[in-house]
Amino acid sequence: MLRVLDSVDRDNGRASISDFIVDVRSSPADVSADWPRGGDVDTPARCHAFQTVTFIETWQATYGQAHGSKLCLVEVRDAAGRPLLMLPLQISPLEGGLVLGFTDMGVSDYNAPVLFPTAVTWTRQSATALWRAITARLPPFDIARLDKMPEHVGGLVNPLYLLADRANPESCHLANLDQPWSEVEQHIQGAKNLRNRFRALDRLGGCRLLVAETADERQLILAALLEQKQRRFEETHVPGFDAHPEKRDFFTLGTERFAAIGALHLSALMVKDEVIAALWGVTQGRHYYGLFITFEAGEWTKYSPGRVLHHQLLQHLAERGYSCLDLGIGDEPWKLAACDVTVPLRQATILATLRGRFILTERTIKERLSATRFWQKLRPYKWVVLRGLRRSLQRAALPR
């Protein structure tokens, strides 16, 4: 049964709104210097890469613009003006109302505040008072959906996690690299077979791991990655870049933006001069996040190029002192086979208006319908028809 946190729950908060100084900015250009830009290591802030200024800027220029989102970049300080947390939120016109959420829409694996060491002891009561203080400064919204929330960020308690009412449907998974390589490999199912497949690829004319260091290398890998991914979208009958160009635009724009701050990690498995698998990732300190992996099919399938790339990248990162290779959200079997750490996540639904309750009711009905066997069988054909119609319209628009 879905349990909903009421945004006007005021009777059990021991902390009060006056304990927090809340400021809300509408542009990443206006946030304070306390907010990490990305790739930072010399900062007291604890955060995932998805809450950095560079990520927010890239998100707003792609997903945010595509969905007409209004940024609400929240900065919370204590009574003495010391930073407690920074929270990247946005309000979008969705589902017939105004929906508050993280700067995500499918591109973020962890949704949480940027946290700072503080004397505040976060409990459900103090977290509730914090949320009241934040929402008092936000523009109107009908419903909030806070999902993919981890319990801790950099060893600090995430106060929003304490507001969660249920588990997130999927967890995050990562490989711990703070151990000898021999122990890392013990957690990888089929590691010996992956080494053999790499050697088999090498006999075809040379196989190597390429980590992009120049603009030309970044463009080579990015072009292959986007082409491979669109092909995979079409093969699996799901909406791709043609239906959601903001997905492609995020990685295109983000490639140079994250590279500029030294936080991009774009890699490929190369056979001769051909990219047969690619992985788009970013780093935050010693933490590597793999956001987007692709691989060639057809004749390359028997070599499992995606898994071979992942294995080679693991060793590359381990040799360079990274703490983990994080494959992020999703409970796919190959992630479970390649990772030894699972990060459970939770979520909360928060109602603000009567319209928000209508949105929640409609969303619940849709979720139940989409879980039926009939819908699961019908859904792929929807995207086949839509993609065919879109291509027909594009051909008809070409000059003759």
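Summary of values
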{"item": "Search result, residues across the range 165-189 that are assigned to a loop (DSSP other than H, G, I, E, B) and of a type in the set (A, V, I, L, M, F, W, C)", "result": "LEU177, ILE188"}
{"item": "Number of the exception - LEU174 against (1) more than 26 Å from the chain's Cα centre (by Cα); (2) under 20 Å from ALA337 (Cβ atoms)", "result": "(1)"}
{"item": "Which numbered condition LYS272 fails, given (1) in contact with a Gly (Cβ under 6 Å, 6 or more places away or on another chain); (2) modelled with pLDDT of 95 or more; (3) more than 16 Å from THR301 (Cα to Cα)", "result": "(2)"}
{"item": "Residue among LEU71, LEU115 that is of a type outside the set (Ser, Thr, Tyr), more than 20 Å from LEU162 (Cα to Cα) and either at pLDDT 95 or above or surrounded by fewer than 23 Cβ atoms within 10 Å (Cβ to Cβ) (or both)", "result": "LEU71"}
{"item": "Residue count, the range 162-178 (criterion: open to solvent by less than 40 Å² (accessible area, probe 1.4 Å) and out of contact with any helix residue (DSSP H, G or I) (no Cβ under 7 Å at 6 or more places or on another chain))", "result": "6"}
{"item": "Which listed residue is of a type outside the set (Phe, Trp, Tyr), in a loop (DSSP other than H, G, I, E, B), under 15 Å from the mean Cα position of the chain (by Cα) and over 19 Å from THR62 (Cβ atoms), from ALA119, ALA112", "result": "ALA112"}
{"item": "Count of residues meeting criterion [among the charged types (D, E, K, R), at pLDDT 90 or above and not in a loop (DSSP other than H, G, I, E, B)] in the range 11-52", "result": "4"}
{"item": "Residues that are surrounded by 15 or more Cβ atoms within 10 Å (Cβ to Cβ), among the β-branched types (Val, Ile, Thr) and either part of a helix (DSSP H, G or I) or on the phi > 0 side of the Ramachandran plot (or both), drawn from the range 344-364", "result": "ILE359"}
{"item": "Condition met for ASN111 (under 21 Å from GLY328 (Cβ atoms), free of Cβ contacts under 8 Å to residues at least 60 places away in the same chain and among the polar types (S, T, N, Q))", "result": "no"}
{"item": "Where TRP300 falls short, out of the listed (1) in a helix (DSSP H, G or I); (2) under 23 Å from PRO36 (Cα atoms)", "result": "(2)"}
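Here's the yes/no breakdown for (1) surrounded by 16 or more Cβ atoms within 10 Å (Cβ to Cβ); (2) over 22 Å from LYS302 (Cα atoms); (3) among the hydrophobic types (A, V, I, L, M, F, W, C):
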{"residue": "VAL184", "(1), (2), (3)": "yes, yes, yes"}
{"residue": "CYS207", "(1), (2), (3)": "yes, no, yes"}
{"residue": "GLU213", "(1), (2), (3)": "no, yes, no"}
{"residue": "VAL238", "(1), (2), (3)": "no, yes, yes"}
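Yes/no per residue for (1) open to solvent by less than 40 Å² (accessible area, probe 1.4 Å); (2) at pLDDT 95 or above:
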{"site": "GLN65", "(1), (2)": "no, yes"}
{"site": "LEU84", "(1), (2)": "yes, yes"}
{"site": "PRO88", "(1), (2)": "yes, yes"}
{"site": "SER92", "(1), (2)": "yes, yes"}
{"site": "LEU100", "(1), (2)": "yes, yes"}
{"site": "THR103", "(1), (2)": "yes, yes"}
{"site": "ASP109", "(1), (2)": "yes, yes"}
{"site": "THR121", "(1), (2)": "no, no"}
{"site": "ALA127", "(1), (2)": "yes, yes"}
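The values are calculated or read from the model by the stated rules, or taken from the named source; none is laboratory data. Note that the structure is predicted; figures quoted are calculated from it, not measured. Note that we place each Cβ from the backbone using ideal geometry, even for glycine, and neighbour counts take in every protein chain shown. Calculation scope for accessible area: heavy atoms of the full protein, side chains included, ligands and nucleic acids excluded. Shrake-Rupley method; radii C 1.70, N 1.55, O 1.52, S 1.80 Å.
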